[in-house]
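Here's the structure, in structure tokens; my notes come after.
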């Protein structure tokens, strides 16, 4: 304002012009005309020097200085000591700025202490804005960028130019979470320290980063919020290491089942969605049946079948090769040969399209939007058992060398699990074939009786054990029905079962009574236990039920060694357990076996079973029966 204008205004009018809420609002302002007379005095000046405008206006500005400093005009800027109205002195730093047309000067002053604070703040701001290791973003109350150094190349992640908001450069989910956190700082004043923020850029450069975010609220001199100051540091490497470590930890659990297809599904479930958007596992045809794949592969025929798939975005796309289908032959290409040699490949979509050289093949191998592919062989004991492939589509960052190395590591561990499942499948098939050879025909038909039997492995168990059943024709139209259960599972239990079944058949031909037959069988089990290796003596024990049916008498005589009672359904009644007194299991000894006789009218059904059926209903065998 002009000095001569100030002469015509009331002090209150001058105050309105000299005070405000801008950057200089806290500076004391004095307007001095050419003769050195004060013609304007701001409220901040009143507060700084504790002198009201009425005391200062119209007087020489030199009167504000100590007597020792009144000699001669002061310099245009500097630091002086000024007397306050209370008599105390205060050091102030000032600047004198000429008014228009030489009408006088405006003196702006703050305490020397406050001037140093402002210098330090400006120095800190310049330091933050000039480097690229720590991101500095000053946002206004609408969270729009005011000043920042994250607007040029050098800082990892998308640029944040002035005027931009997070939703302009980040995915909506990430931006919403970050905005909510900053809004909380703005509203509550509670600072944010080291908050992890995932950043998936929707603008070039595309990628996936992790920032460590700290933020605090900015206020004006009256304590009103003016914005949020945000400090960012790049935590992407640490985040990737933690994510890969977690992936390795999950991958270590692959192989919890000895089922080949189940193991393949565990592989894709581990990789999606944390590592890839799509994943599949193809296995060699022989692996699925427990056999070894060929040791040498040439050309593009990998002899693979799609076993398991996983998509992070809903059902498996219909245009891709479906589970259970044979993988089509591939061209003889260097990319395919690297796989056959047991090496991982990482390619982009263009390279894959060039290698397959057929749009139809590409449609079956590449999901819509897929831009980066990595394939690792399932390589174990010098054999390529299959491959695991992963695609990234909606995730913008392509697979890099570290991702390829991680997939190789996971595939190597998974290949051992697949091979274990394959070998188990082979041994399981062989032992199941042995067990089937040791059991009788599933059904028999005689002139007086029809029998039907079935062996069902326990769900989730080894599938191989010592349970057996038999129907033995005896003289005089009689039939011996036998069911037994050797303790334990595996080949030792199966071998013991075979010997007991043979012994029962021999003893039954001697027309022994059921209780007497079990007594001889008990002696045999004791002898087998004595002959067995100490490591396997715990499986040389069994339960057994023998029932001899006489159609002429219409009766059935039976005895049991630790075995659950049979069930009988009469032609005119419900199913009921037969009341028998079972003796101890075979091989235990100590008590005799008791025979029980029960009437069996024509048309009755007699059901003999092992306790595996009862255990489906809990540990209480009585309620299971």
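The values are calculated or read from the model by the stated rules, or taken from the named source; none is laboratory data. Treat the numbers as computed from the prediction; the structure is a model and nothing was measured. When we count neighbours, we look across all protein chains shown, and the Cβ atoms used for this are built from the backbone with ideal geometry, even at glycine.
Quick look at the numbers
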{"read-out": "Among (1) in contact (Cβ under 8 Å) with a residue 60 or more places away in the chain; (2) surrounded by fewer than 17 Cβ atoms within 10 Å (Cβ to Cβ); (3) in a loop (DSSP other than H, G, I, E, B) - the single one residue 420 does not satisfy", "value": "(3)"}
{"read-out": "Lone qualifier among 352, 385 - being under 19 Å from residue 407 (Cα atoms), touching a strand residue (DSSP E or B) at 6+ places or on another chain (Cβ under 7 Å), assigned by TED's automatic domain parsing to the domain that holds residue 260 and assigned to a helix (DSSP H, G or I)", "value": "352"}
{"read-out": "Verdict on residue 470 being in contact (Cβ under 8 Å) with a residue 60 or more places away in the chain, crowded, with 16+ Cβ neighbours inside 10 Å, touching a strand residue (DSSP E or B) at 6+ places or on another chain (Cβ under 7 Å) and not in a loop (DSSP other than H, G, I, E, B)", "value": "no"}
{"read-out": "Failed condition for residue 509, given (1) surrounded by 14 or more Cβ atoms within 10 Å (Cβ to Cβ); (2) within 14 Å of residue 470 (Cβ to Cβ)", "value": "(1)"}
{"read-out": "Residue 82 under 30 Å from residue 151 (Cα atoms) and part of a strand (DSSP E or B)", "value": "no"}
{"read-out": "Number of positions in the stretch 239-268 that are over 13 Å from the mean Cα position of the chain (by Cα), surrounded by 13 or more Cβ atoms within 10 Å (Cβ to Cβ) and either under 22 Å from residue 397 (Cβ atoms) or not assigned by TED's automatic domain parsing to the domain that holds residue 385 (or both)", "value": "2"}
{"read-out": "Yes/no for residue 184 being free of Cβ contacts under 8 Å to residues at least 40 places away in the same chain and either in a helix (DSSP H, G or I) or not assigned by TED's automatic domain parsing to the domain that holds residue 274 (or both)", "value": "yes"}
{"read-out": "Pair list, Cβ < 7 Å and 6+ apart or interchain, from the stretch 600-625 residues that are without any contact (Cβ under 8 Å) to a residue 60 or more places away in the chain to residues that are loosely packed, with under 11 Cβ neighbours inside 10 Å", "value": "601/571; 603/571; 604/571; 617/623; 624/618"}
{"read-out": "Hits in the stretch 311-339 (condition: more than 22 Å from residue 400 (Cβ to Cβ), more than 25 Å from the chain's Cα centre (by Cα) and surrounded by fewer than 18 Cβ atoms within 10 Å (Cβ to Cβ))", "value": "318, 319, 324, 325, 326, 328, 329, 331, 332, 333, 337"}
